[in-house]
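Below: one structure, written as structure tokens.
No value in this document is a laboratory result; all are computed from the given coordinates. Here the structure is a predicted model, which means the values were calculated and not measured. Virtual Cβ from ideal backbone geometry, glycine too; neighbours counted across all protein chains shown.
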Amino acid sequence: MKLSQAKAECESWFAHLQRQENQSKALQLLAADRRAGLCDAREGERRRVAIQGNGLTVYDGANLCDAVKVLLKAVTAKEGS
């Protein structure tokens, strides 16, 4: 794996984490709205589906370990020079 590919893989991972964080915040806001009575069960379910979509998105991290190894090797080499 080249350094540019390793960076791209890690950026993809960070983007996935950001999407998860955004989704989590939106679900927390929805839960707060439901507890406060700002939306009924039907509206809550509509919003939940809009936030989560039709299914679970799983990150395929098959190359992430290799990417991290490449990046660590590059950092270690740079620190050694």
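Full extension of the segment from residue 22 to residue 8, taken as 0.36 nm per residue of separation minus the current Cα-Cα distance, would add 3.0 nm.
Treating each Cα of the chain as one equal point scatterer and applying the Debye formula with no solvent, the log10 of I(q)/I(0) at q = 0.12, 0.20, 0.23, 0.27 Å⁻¹ comes out as -0.54, -0.87, -1.02, -1.19. Which FRET efficiency, nearest 0.05, do residue 74 and residue 41 yield, Cβ-Cβ r, R0 41 Å? With a Förster radius of 41 Å, E is 0.20. Helix-only estimate, please: 222 nm mean residue ellipticity of the chain, summing -39500 (n - 2.57) across DSSP H runs of length 4 or more and dividing by its residues, to the nearest 500. That calculation yields -26500 deg cm²/dmol at 222 nm.
Of all complete DSSP H helices in the chain, those with a Cα span along the helix axis of 15 Å or greater and a mean Kyte-Doolittle hydropathy of 0.5 or more are 64-80. Among 42, 48, the order by Cβ neighbours within 10 angstrom, fewest to most, reads 42, 48.
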